[in-house]
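Some notes on the structure that comes next.
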Amino acid sequence: MTLFALVDGNSFYCSCERAFDPTLRGKPVVVLSNNDGCIIARTQEAKDLGLKMGEPWHIASKRPGLSSVIWMSSNYALYGDMSRRMYEVLSANAPAVEPYSIDEMFLDLTGVPDPLLLSHRIRDLVRQIAKIPTCVGIGPTKTIAKLANKAAKSYRSGTGVCDLSTEDARAAAYPGIDISDVWGLGPASGTKLARRGVTNVAAFVALPQDEVRELLTVVGARTHAELKGVNCIPFSQTPPTRKSLAVTRSFGRAVTEKRELEQSIASYATRAAEKLRRHGLVATAMQVFVRTNEFNKDPKYFNQATFDIEPTSDTLSLVKDALRAGRRLWRPGFRYAKAGVVLLDLARPQERPADFFPSIDIEKRARLMSALDSVNMRYGRRTLTLACAGIQQGWSMKRQKLSPRYTTVFDELMLASAR
């Protein structure tokens, strides 16, 4: 029988902040989205105060009784590196690991003599080494493991590990689990099931398979089978090649000058190229878009350009193509609020036929990009960058309470006091 575990970092972004700032422990903390807009992570203390995911902070912070809440700007460089550390701990102590998201990772525990003991040990090691508190769910399918993980989080006084690998354990747990907690069943599916009086997992599992397939199509039928212990979602240590990659940002203030809009597009294309090389991919198409604020009284304008490009991950080439499109999209007289660069039709370089007449010296540019990445990795992002991306970048998003990038930028390393 197959056996999976899902390890999930508790309030992951907040836990990353707490790992380097002990004064945050035990206090209500929230992490905000780009431009310090909405709540995207909450500690349990913040949840207990009634703060919800997605709430605009400038509105929520004015409610009485929330003066003790500490808010932080999102620090994705830190969170990404802490996720890497968590993955390394899991890889060193579990037979196989499949990252699912920045804070969730599946383990293949098939054949492990004592999976419950190993889950507790892994949880302790991640807390000790990576400084991230986690919960672990165990089950014969990924859907059950994810459900078990949610149950482990729900019992705050529990051990942080929930084992639903046996039929008896599932029979006892399913009646008390709401159908909305099931991975793979969205609000629309929940509404359809509620009309038939199905509100918990036990009632859903009891439905005939043909009825589920007719009501919720093949996706719902797969989830139904998984909840019954039939493994339908295979484990993969090699994630599928992504087909697109986007770098989009809302500006910290309205952009009205063409030069600043061009800087933002060049900056986003530069970042997209860095990500592309990190994944070992090339792009063969690109989309560039610009837009004004949808929610104020400014005149509205949105436009985009999608076009094929020569297969590449070269920063200079991608920036050149992006700027050419951005200049066509520019219209004077508007207050731009957001822009973005989306790279499309991604593939491994070896999967694309060689171009007999490339527009650049591919080998020479590859060496240049390698040197660029090495310098920026060692000394911090944007140590070396293109002048057209701007130096000061006054239009960049607001991050008024950004913590240091403790693990990725040398100048921001935590200093140990001699006192």
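With respect to VAL341, is the statement that it is among the β-branched types (Val, Ile, Thr), in a helix (DSSP H, G or I) and under 26 Å from the mean Cα position of the chain (by Cα) true? Break it down into steps so the answer makes sense when it comes.
Working: among the β-branched types (Val, Ile, Thr): yes; in a helix (DSSP H, G or I): no; under 26 Å from the mean Cα position of the chain (by Cα): yes.
Here the answer is no, as VAL341 does not meet what is asked.
What residue, of ARG156, ARG196, ARG253, is among the basic types (Lys, Arg) and under 30 Å from GLN287 (Cα atoms)?
Values: ARG156 fails: under 30 Å from GLN287 (Cα atoms); ARG196 fails: under 30 Å from GLN287 (Cα atoms).
Every option except ARG253 fails the conditions.
For the list (1) of a type outside the set (Lys, Arg); (2) modelled with pLDDT of 95 or more; (3) touching a strand residue (DSSP E or B) at 6+ places or on another chain (Cβ under 7 Å); (4) more than 14 Å from VAL288 (Cα to Cα), I need the number of the one condition that ALA339 fails.
(4)
Kindly indicate whether any position in the range 266-274 is of a type in the set (Asp, Glu) and over 23 Å from the mean Cα position of the chain (by Cα). Outline the logic, then answer.
Step one: of the range 266-274, the residues of a type in the set (Asp, Glu) are 274.
Next cut, over 23 Å from the mean Cα position of the chain (by Cα) only: none.
So far as the range 266-274 goes, no, none of its residues is of a type in the set (Asp, Glu) and over 23 Å from the mean Cα position of the chain (by Cα).
Suppose we keep only residues that are on the phi < 0 side of the Ramachandran plot, in a helix (DSSP H, G or I) and of a type in the set (S, T, N, Q) within the range 194-240. Which one would you say is farthest from the chain's Cα centre (by Cα)?
Of the range 194-240, the ones on the phi < 0 side of the Ramachandran plot are 194-196, 198-216, 218-228, 230-240.
Applying the additional criterion that residues be in a helix (DSSP H, G or I) yields 194-195, 201-206, 209-216, 218-227.
Cutting the leftovers down to of a type in the set (S, T, N, Q) gives us 209, 223.
Numbers: GLN209: 33, THR223: 23 Å.
So, considering only residues that are on the phi < 0 side of the Ramachandran plot, in a helix (DSSP H, G or I) and of a type in the set (S, T, N, Q), the one farthest from the chain's Cα centre (by Cα) is GLN209.
Considering each residue of the range 378-411, count those that are assigned to a helix (DSSP H, G or I), among the aliphatic types (A, V, I, L, M) and within 17 Å of ALA272 (Cβ to Cβ), and give that number.
Matching residues across the range 378-411 total 1.
Restricting attention to the range 315-333, does a residue exist that is under 30 Å from LEU32 (Cβ atoms), in contact (Cβ under 8 Å) with a residue 12 or more places away in the chain and basic (Lys, Arg)?
Looking for residues that are under 30 Å from LEU32 (Cβ atoms), in contact (Cβ under 8 Å) with a residue 12 or more places away in the chain and basic (Lys, Arg), one finds none in the range 315-333, hence no.
Of the residues PRO311, PRO299, PRO358, which is in the same structural domain as THR248 (by TED's automatic domain parsing), surrounded by 19 or more Cβ atoms within 10 Å (Cβ to Cβ) and of a type outside the set (Ser, Thr, Tyr)? Walk me through it before giving the result.
Numbers: PRO299 fails: surrounded by 19 or more Cβ atoms within 10 Å (Cβ to Cβ); PRO358 fails: surrounded by 19 or more Cβ atoms within 10 Å (Cβ to Cβ).
Checking each option against the conditions leaves just PRO311.
Looking at ALA172, ALA151, ALA145, ALA188, which one is farther than 30 Å from LEU118 by Cα, assigned to a helix (DSSP H, G or I) and either of a type in the set (A, V, I, L, M) or in contact with a His (Cβ under 6 Å, 6 or more places away or on another chain) (or both)? Outline the logic, then answer.
Details: ALA172 fails: farther than 30 Å from LEU118 by Cα; ALA151 fails: farther than 30 Å from LEU118 by Cα; ALA145 fails: farther than 30 Å from LEU118 by Cα.
Checking each option against the conditions leaves just ALA188.
The values are calculated or read from the model by the stated rules, or taken from the named source; none is laboratory data. Here the structure is a predicted model, which means the values were calculated and not measured. Methodologically, a virtual Cβ is constructed for each residue, glycine included, from the backbone with ideal geometry; neighbour enumeration extends over all protein chains shown.
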